[in-house]
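Asks: Dumping the structure here so I can ask a few things about it.
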């Protein structure tokens, strides 16, 4: 029988006008220390983005989200933070910040298959 794996996840949010604190969910980051697992995915719908009537540039936001992925994946092109150990990368990605890309507070869970759980959460919370 497969053992449950403990994980944490946070929802990635786009906050078009930080001062208004309004946001919509655009991605997910999941981490499991014991399994040495970290995964980031995002989906930024261009039509929904246009409805924001924001001065943000769609391509700039996508580029920043790709940086989140590079950091999570330990890709050297993600900068010095991408070279940290997985738990440190997760903590950096989920740190409280006042920016247009933010994350929720991390939430814990247990799963037999982290990728299946990630896909389920992504579908429920982002798409």
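Asks: What share of all Cα pairs of the chain, in percent, falls into each consecutive 10 Å distance bin?
Replies: 13, 43, 33, 10, 1, 0
Asks: Something else: What is the gain in length, in nm to one decimal, between residue 119 and residue 43 on full extension, counting 0.36 nm per residue of separation less the C-alpha to C-alpha distance?
Replies: Additional length available on full extension: 26.1 nm.
Asks: Could you compute the FRET efficiency for residue 85 and residue 20, with r as their C-beta to C-beta distance and R0 at 25 Å, rounded to 0.05?
Replies: 0.10
Asks: Here's a follow-up. On a 0 to 90 degree scale, rounded to 10, what angle separates helix 114-125 from the longest Cα axis of the chain?
Replies: 30
Asks: Which of the peptides 111-120, 24-33, 85-94 is most tightly packed, and how do the rest follow, going by the mean number of other Cβ atoms within 10 Å of each residue?
Replies: Per-residue mean Cβ counts within 10 Å order the peptides as 24-33, 85-94, 111-120.
Asks: On C-alpha positions alone, give me the angle between the axis of helix 58-73 and the longest principal axis of the chain, in degrees, nearest 10.
Replies: For helix 58-73, the angle is close to 20 degrees.
Asks: What residue among 11, 40, 61 shows peak mean-square fluctuation when the chain is described by a Gaussian network model with Cα springs under 10 Å?
Replies: The residue that fluctuates most here is 61.
Read-outs: derived from the displayed coordinates by stated rules, not from any lab. It should be emphasised that the depicted structure is a prediction, and the values quoted were computed from it without experimental measurement. Methodologically, a virtual Cβ is constructed for each residue, glycine included, from the backbone with ideal geometry; neighbour enumeration extends over all protein chains shown.
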